[in-house]
1. Between SER189, SER215, which is at pLDDT below 95 and either touching a strand residue (DSSP E or B) at 6+ places or on another chain (Cβ under 7 Å) or away from the ligand (no atom under 16 Å from the Cβ) (or both)?
2. Only one residue in TYR195, TYR205 is within 12 Å of the ligand (Cβ to nearest atom), touching a strand residue (DSSP E or B) at 6+ places or on another chain (Cβ under 9 Å) and over 29 Å from CYS100 (Cα atoms). Which one?
3. Within the range 43-50, can one find any residue that is more than 15 Å from the ligand (Cβ to nearest atom) and either at positive phi or exposed (fewer than 13 other Cβ atoms within 10 Å of the Cβ) (or both)?
4. Pick from THR67, THR12: which is of a type in the set (Ser, Thr, Tyr), under 30 Å from VAL214 (Cα atoms) and in a loop (DSSP other than H, G, I, E, B)?
5. Can you confirm whether the range 11-27 contains a residue that is at positive phi and modelled with pLDDT of 95 or more?
6. Within the range 232-248, restricting attention to residues that are within 16 Å of the ligand (Cβ to nearest atom) and more than 13 Å from ILE23 (Cα to Cα), which residue is surrounded by the most Cβ atoms within 10 Å (Cβ to Cβ)?
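The values are calculated or read from the model by the stated rules, or taken from the named source; none is laboratory data. Everything numeric here is computed off the predicted structure, so don't read it as measured data. Cβ: placed from backbone, ideal geometry, glycine included. Neighbour counts: every protein chain shown.
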Amino acid sequence: MKIYFAPLEGITGYIFRNAFSGIYGHIDKFFAPFISPSEKCPMTSRERKDITPENNSGINLVPQILTCRSDCFIEAAKELQAMGYSEVNLNLGCPSGTVCAKGKGAGFLPETLALQKFLDGIFSYAGSSDLKISVKTRLGYYDPDEFYDLVDIFNGFPISELIVHPRIRSDFYKGEPRKEYFAYALEHSKCPLVYNGNIFTAKDYDELSGLFNVSLDTVMLGRGLITDPSLADKLKGFASDTYLARFRKLHDTVYQEYRKVMSPDINVLYKMRELWSYWQNLFEGRERDIKRLLKARKCAEYEEIVSSIISYSTLRSNSVA
Ligand SMILES: Cc1cc2nc3c(=O)[nH]c(=O)nc-3n(C[C@H](O)[C@H](O)[C@H](O)COP(=O)(O)O)c2cc1C
């Protein structure tokens, strides 16, 4: 079984990836949050810093590109190849209003003729330059039945892996994934498939495998891995008695690394608050402290609350056991 770490913009940047991979194993590939190339510039200095190999040593990283222009995709891919990357991922799933309004991400899905032409362009480049292109897609923009045509389109290209998040744009990340459409892909797609969406526990994975009547070979995990960083260990059957110690190490490493590159305190704390929006459910009975932590405006205050939460807690057993 292979486990991929989903890209989560604002969360799984190089600081988080390094901290995570130094403490937890069993991730076969990390996907970087998207870069968004423009006509003038294949990537910003901030985007470059996130994916440069020197900031990702020992991490099997796949950069992701968000665009609806084949020329911009190819220019960005050339830069990524020059950095040493042999696979890039195309984002056809981002549901954000500003992204979709520009016809990118999930906003590209209903433009099937333009999409076909775009894929012709980038795969003809890939064929001549030994580049692998994987695709991360939703089912459609307006209606999940758009997926039937999309599968036919994708079948015309040598996509190295097709990662399917079985929701439409207006679902954003809410509600149950429309798993029956992934079952359709299992029958009709010629591309190697990766399932993504709402796997938070080993039980969720087992239920999916039962539903599809196959043991899913490759899954991509996002929020589930942030919420329970040892989820990949559990899915692969590696038991551990160090959940809390490793969680503390992950927290402290991410926090210290953010402190090195960010100021004032409040900017660091904004980043940590986002993580705690996932972690808060791990600490049963500490709701009042977590509320205080989410309001802290100074690092000293934050550190004191974190210490008291982590030192005197056990992780909530049903989330992480
Ligand atoms: C805060 C946030 C940021 C995200 N950023 C990206 C991104 O940069 N690229 C992408 O393809 N998907 C992005 N996603 C979608 C995730 O990669 C993933 O598809 C989604 O969270 C569903 O998987 P999960 O249920 O395992 O979390 C983002 C999702 C969230 C919640």
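1. Details: SER189 fails: at pLDDT below 95.
Result of the check over SER189, SER215: SER215.
2. Working: TYR195 fails: over 29 Å from CYS100 (Cα atoms).
Testing whether each residue is within 12 Å of the ligand (Cβ to nearest atom), touching a strand residue (DSSP E or B) at 6+ places or on another chain (Cβ under 9 Å) and over 29 Å from CYS100 (Cα atoms) leaves just TYR205.
3. Here is the first cut: in the range 43-50, the residues more than 15 Å from the ligand (Cβ to nearest atom) are 45, 48-49.
From what's left, either at positive phi or exposed (fewer than 13 other Cβ atoms within 10 Å of the Cβ) (or both): 45.
Within the range 43-50, one or more residues are more than 15 Å from the ligand (Cβ to nearest atom) and either at positive phi or exposed (fewer than 13 other Cβ atoms within 10 Å of the Cβ) (or both).
4. On the way: THR67 fails: under 30 Å from VAL214 (Cα atoms).
The unique qualifying residue is THR12.
5. Step one: filter the range 11-27 for residues at positive phi, giving 26.
This time we only want the ones that are modelled with pLDDT of 95 or more, so: none.
For the range 11-27, residues at positive phi and modelled with pLDDT of 95 or more: absent.
6. Step one: of the range 232-248, the residues within 16 Å of the ligand (Cβ to nearest atom) are 232, 234-235.
Adding the requirement that they be more than 13 Å from ILE23 (Cα to Cα) leaves 234-235.
On the way: LYS234: 19, LEU235: 21.
Among those residues, the one meeting the criterion is LEU235.
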